[in-house]
Amino acid sequence: MNNDDIQQQHCDDLLQKAREALLPLQPYFEADGGAVEVLRLTEEGVLQVKLLGNCESCRISMMTTAGMEQVIRAAVPEIKRVEAVAV
């Protein structure tokens, strides 16, 4: 394995841990007709997510993102911030 492969594997592992950290929150998103998709992790440690369904246009989506950030950072300290992005 070269260095790029090792870095990609580490990134993939962190993304998987972030997805797993969000699993307990999924029923709450679904109850409101929404969902969250984990997209990518930047080199700066910013986890980019996409809010889907009703979460996408919810007026409290910033609070949702802040809550997700607390949960994810507790489980995956390498992630510095969570950011909702439009794709």
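The values are calculated or read from the model by the stated rules, or taken from the named source; none is laboratory data. Keep in mind it's a predicted model, so treat the numbers as computed, not measured. For neighbour counting, all protein chains shown are included, and Cβ atoms are generated from backbone atoms with ideal geometry for every residue, glycine included. Side chains are part of the model used for accessible areas, which takes the heavy atoms of the whole protein and leaves out ligands, DNA and RNA. Shrake-Rupley method; radii C 1.70, N 1.55, O 1.52, S 1.80 Å.
Quick notes on this structure:
- Note on Leu25: accessible area is roughly 40 Å² with a 1.4 Å probe, heavy atoms of protein only.
- Computed extension gain for Arg40 through Cys11, at 0.36 nm per residue and net of the alpha carbon distance, reaches 9.6 nm.
- In order through segment 59-76: 3J(HN,Hα) via Karplus (6.51 cos²θ - 1.76 cosθ + 1.60), integer Hz, x for Gly, Pro: 6, 10, 4, 5, 5, 4, 5, 5, x, 4, 4, 4, 5, 5, 5, 5, 8, 9
- Accessible area per residue for the chain, computed on protein heavy atoms with a 1.4 Å probe, is 66 Å².
- Of the three principal axes defined by the Cα atoms of the chain, the extents in descending order read 44, 24, 17 Å.
- Mean-square fluctuations from a GNM of the chain, with a 10 angstrom spring cutoff on Cα atoms, peak among Arg40, Arg59, Arg73 at Arg59.
- Mean separation of Cα contacts under 8 Å, 6 or more apart, over the residue count of the chain: relative contact order %: 29
- Ligands, DNA and RNA left out, the 1.4 Å accessible surface of the chain is 51% carbon and sulfur atoms.
- For segment 43-58, backbone phi angles converted through the Karplus equation (6.51, -1.76, 1.60; θ = phi - 60°) give residue-by-residue couplings of 4, 7, x, 9, 8, 9, 10, 10, 7, 10, x, 5, 5, 4, 10, 5 Hz, Gly and Pro being listed as x.
- Here the extension length gained between Cys58 and Asn3 equals 15.7 nm, from 0.36 nm per residue of separation less the Cα-Cα distance.
- Pairwise Cα inverse-distance average, inverted: Kirkwood Rh of segment 19-68 (Å): 11.3
- Sparse-neighbourhood loop sites, GluC sites (Glu not before Pro) in the chain - DSSP loop, at most 13 other Cβ within 10 angstrom: Glu43, Glu44
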